[in-house]
Amino acid sequence: MINYYHNVGSGARGYQDLFTEMEPRSSDPEAEAIKAQNAAHILTAIDEGDIDMIFSNSKALNQLAIVDLIKSMCNVSREELKKAEGPRIFLLQKLVEVCDMNMNRARIEFSNMWNVMKDHISTVGSHDNEQVAVYAIDSLRQLAKKFLEKEELNNYHFQKHFLEPFNIIVLNNMPMRMGIIHFIMSCMCSFAKQMTKNLKSGWEIIIEIFKFGGENDNDELSKEAIETLNIILEKENFQYVEEYFEKIINCLVKFMNNTFEDHAMLALDLIERVATYLGSSNEFVERIIEKSREMFNTRQEKLEYKKRLWKCVLYELSKKSFEPKTNVTQRATQLMFSLLTKYNEGISPALWDLMMRDLLKAIFDDVHIKLETKSTDQEMHNTYLANTDTMVSNLIGLFNTMENEKFSASV
């Protein structure tokens, strides 16, 4: 109630007690005038420190009361931000402070608070007034940095939950408001580089936002993301992100298909680096399986999973290989067969059989569809034919280096 009088008395739009639901203003001008006059009198008798106590004492509220407080503060903040004469961020500031003060609550209690608050932050981060949007995002950045300093418990995904508003804001602002997208990308790059060892489920959101850099035709945005990926995929850092192997490959594929050749070539280098981790040690796959949310109880299930990891690398390279010849497509073709040749000795015949049956079928099914599809683009048709010849020639060269047992599985 104190804040209600504070705002009415100072000329701002009034709002009800923070612990009650919002009510519409009276349509009676005389009643509103009396309310404003009363509020002005009360305002002079209230110490501003008393107002702050409402928020600073929020740590003493039980788990239900703190959620009610957050809900009411969000309601009031929404009203403040709608003001025709200019949005006010008083309650938004207080929301951030209350969130900060209560961050040491039990994780489930804080998660219930954040469920309410994150929707409001996501909306404000997309506010028409860019200054308000940037303030919300910067507040979220500061809160996230503090939150990420806490160790995430196994089998919980609070980090992902906490960082979700960044992804929502990106989706809401693409592609027009590039200033906001750049700011969020900078936040993600900073988290990835500075909080590498602390991040767990939060990587999912960071990698997802990096994908926007690969899909975007903005050179600066793409460059910042791919250069950060280059750092976090170094051998000493990769252990902290390795369980997201497939998401990383999918992200790098976006850069491989990027309009900027230097970014695409770096993405191919990074795909090779990550594939090297996969091919050089069975322990790598065992670690990923141990960290995975999926269950792999049998040897066959583990083989299928390893095949899936290889397929996500090789199939994407094969698709790129059938595009019109450029430095990037040639590099993709060379890399695919280099990986198959380099690591075929370390792949068991059973796994090789699974890989080849799925991979070769997928590759040549694509080719068949493209060649059979009626097209007026003769040049494109000829490109597929030429690339198919190259692919078959490389496969023959590969099979010539293979053991008989694996060759039999492949054919």
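Readers should treat all values here as calculations from the given coordinates under stated rules, not as data from a laboratory. Remember, predicted model here, so these are calculated numbers, not experimental data. For neighbour counting, all protein chains shown are included, and Cβ atoms are generated from backbone atoms with ideal geometry for every residue, glycine included.
Rounded, prolate or oblate: which one fits segment 155-262, using the alpha carbon gyration tensor with axes a ≥ b ≥ c (rounded when a/c is under 1.5, else prolate when a/b beats b/c, else oblate)? Here segment 155-262 falls in the oblate category. When the alpha carbon gyration tensor of segment 237-342 is reduced to an equivalent ellipsoid, its three semi-axes come out at 26, 14, 11 angstrom, largest first. Extension gain, L171 to K291, is 40.3 nm, computed as 0.36 nm per intervening residue step minus the present C-alpha separation.
Within 10 Å of each candidate Cβ there may be at most 12 other Cβ atoms; applying that plus a DSSP loop requirement, which trypsin sites (Lys or Arg not before Pro) in segment 274-304 survive? Hits after loop and neighbour filter: R293. Peptide packing: for 240-253, 151-164, the average count of neighbouring Cβ atoms within 10 Å per residue gives the ranking 240-253, 151-164, highest mean first.
Extension gain, S280 to R299, is 4.9 nm, computed as 0.36 nm per intervening residue step minus the present C-alpha separation. Overall shape: prolate for segment 169-212, with the ratio a/c of the largest to smallest alpha carbon gyration tensor axis at 1.5 or above and a/b above b/c. As an exercise, use a Förster radius of 22 Å and the Cβ-Cβ distance of R105 and Q142 to find the FRET efficiency, rounded to the nearest 0.05. My answer for the efficiency is 0.75. Using the alpha-carbon positions of segment 32-125, Rg (one decimal) and Dmax (whole number) come out as 14.9, 46 Å.
From the Cα gyration tensor of segment 106-217, with a ≥ b ≥ c the square roots of its eigenvalues, which class applies: rounded if a/c is under 1.5, or else prolate if a/b is larger than b/c, or else oblate? Here segment 106-217 falls in the oblate category. Maximal additional length on extending the D52-H157 stretch stands at 34.5 nm, based on 0.36 nm per residue less the C-alpha distance.
Label separation (E323 vs T44): 7.2 nm, computed from points 7 Å beyond Cα along the C-beta direction.
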